[in-house]
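Have a look at the structure below before the remarks.
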Amino acid sequence: MADFVSSSYTKLRDVINETSNDALPPVSSIVAATKSLPAFFSPMGLGEEATQAHLLSDICPGFNGPKTSANYYGFVTGGVFPIAEVADNIVTAFDQNVQVHLPNQSISTIVEGKALEMVVELLRLGKGWDGRTFTTGATGSNILGLACGREAVVKMRLEKVGEQAGPGELGLLAACSKAGIKNIQVLTTMGHSSLYKAASVVGLGRASVKEIPVSSQEPWRIDLDKLESELKLSDEGIVSIVALSAGEVNTGRFSTDGLSTMRKVRALCDRYGAWLHADGAFGLFARSLPATPEFQSLIDTAAGLELVDSLAGDCHKMLNVPYDCGVFITRSSSTLSLVFQNPNAAYLSSGPSDQPSPLNIGLENSRRFRALPVYAVLLAYGQYGLGDMFARQVRLARAVSEYLDSSDCYELLPSGQSSTNSDEQTKFSLTHIIVLFRAKNDAINEELVTNINATRKMYVSGTKWEGKPACRIAVSTWKVDVERDSELVKGVLEGVLNGTQ
Ligand SMILES: *Cc1c(COP(=O)(O)O)cnc(C)c1O
């Protein structure tokens, strides 16, 4: 059996090495892979050898290239560091169930604890984050954030009427009715779609998510006056969770512009009893950039996030570990366990311990050891190595922005960013890893994303900006090479204008 697995890994390496570096496979490979699927579920089974050959020769050629290509700029996918791939294979090989903290039986929860501690350090968040866990991604982390927010804001009101239990125990309807709460709203600016999903999952409803931007020109920025007037509704029984976008997915911009604004938001949340959550899926890692003038504006923008109650982050994006892995951290471990306590299961008890069992602080009971690839990456690269990768990603995004801004045919979005600063060097100082743009010619713009992706040399996401189609590049792989990749991107963008691609 062991020989079968190791020879399969060797063959897998060969398949990966032979895979082209294109961002997308030829459509014909996907068609062929689809045709190779069995017409029906055979009761006999193929056997492991034949199945292995099928997976490697038929299925693998049908995959797209976030892992193998340096130029897959869709969504924010990240790649996979070699050491993360090794660690993930170890995870699979040993199949640890990281559910109950059993320090005398497995090192797994102890490693998970160490990895979480290192993530907090990488993000320069300081002390006091004693509620922390790995999740399946930022969607999972946003669900945890809203669930904690819901527990905390309702419980605060219940305590005023002498009730000690919270909604985790009583149920949302009974708890709100007892507390005199009519509604719980989620205040945000350009909240990620998963925030709406999270609102539905935790029983607040997608309609509870309210956008409070300063203006339609800067829809990602939160309006502090609107925030205060919404928070004041607590007098009328409408309580709030504030969910900041710490890296909005279309633009990479933040709801707040730094420490001083964050302090104001924090003070307002404290005054009116609101929970403060931030979705920093990829934007959070702006905090880990090298502290040099080149990145100072970004670091300043992301400052103050250490003041929130809870934070959502993704590891399968910027940290380049395989899917799926996100992180959730909160200052209130008690709130986290009030929601996620898995009660009345004596056989799942870990005994007295300094570390909570993961099953009591997150969604799942049985869990994959997804901490190990994160641990491996942090250990292998350290703060400096990762900072260097983040820097290269930002430089590529800025180089592409520079090209688009100087082009007659493309328009860099959101508009106005190059005119806000006359100093050439700091022109794109707020550009993180995302570049949003469109073609000035509407007809070209309509087909732009399709035509870029049809080259299969690079892959971009389509989105809408100010009601019109727009194109979005997200740089998130460790494979980034500023010179090589900016040439490729410019070549493709020129080519689709000239119709030569
Ligand atoms: C990607 C992303 C999410 C969702 O994360 P998943 O990893 O897909 O669950 C949430 N918020 C932001 C800002 C994102 O970029």
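Only the coordinates and a few stated rules stand behind these numbers; no lab work does. These numbers come from a predicted model, not from an experiment. Here the Cβ positions follow ideal geometry from the backbone for every residue, glycine too, while neighbour counts run over all protein chains shown.
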For the chain, rounded, prolate or oblate, judged on the Cα gyration tensor with a ≥ b ≥ c (square roots of eigenvalues), a/c < 1.5 rounded, else prolate if a/b > b/c?
oblate
List the cysteines of the chain that have no other Cys Cβ closer than 4.7 Å: which are they?
Cys60, Cys148, Cys176, Cys269, Cys409, Cys471
Which entries in the list Lys226/Lys464; Lys11/Lys114; Lys114/Lys457; Lys155/Lys226 go over 29 Å, if you measure between the two C-alpha atoms of each?
Lys11/Lys114; Lys114/Lys457
Output ordering of 306-319, 109-122, 429-442, 335-348 (per-residue mean of other Cβ within 10 Å, highest first) is 306-319, 429-442, 109-122, 335-348
Beta bridges by DSSP in the stretch 255-341, antiparallel share as percent, to the nearest 5:
60
Compute the signed sum of charges (Lys and Arg +1, Asp and Glu -1) over the other residues within less than 14 Å, Cβ to Cβ, of Gly137.
+1
Antiparallel DSSP beta bridges within the chain, percent to nearest 5
60
Please give the residues of the stretch 53-77, grouped as numeric ranges, whose backbone N is less than 12 Å from a label point set 7 Å along the Cα-to-Cβ vector of Arg484.
69-71
Can you bin the stretch 2-64 into rounded, prolate or oblate? Criterion: square roots of the alpha carbon gyration tensor eigenvalues sorted a ≥ b ≥ c, rounded for a/c under 1.5, prolate for a/b above b/c, oblate for the rest.
oblate
Total charge of the residues flanking Gly180 in space, meaning their Cβ is under 12 Å from its Cβ, with Lys and Arg +1 and Asp and Glu -1, is +1
Give, as a single signed number, the net charge of other residues whose beta carbon lies under 11 Å from the beta carbon of Thr77, with Lys and Arg counted +1 and Asp and Glu -1.
+1
Radius of gyration, Dmax [the stretch 1-142; alpha carbons; angstrom]:
19.5, 57
Which value in Å is the Kirkwood Rh of the stretch 148-203 over different Cα pairs?
11.9
Could you name the aspartates and glutamates whose alpha carbon sits less than 17 Å from that of Lys490, not counting residues in the same chain fewer than 8 places away?
Asp22, Glu402, Asp405, Asp408, Glu411, Asp481
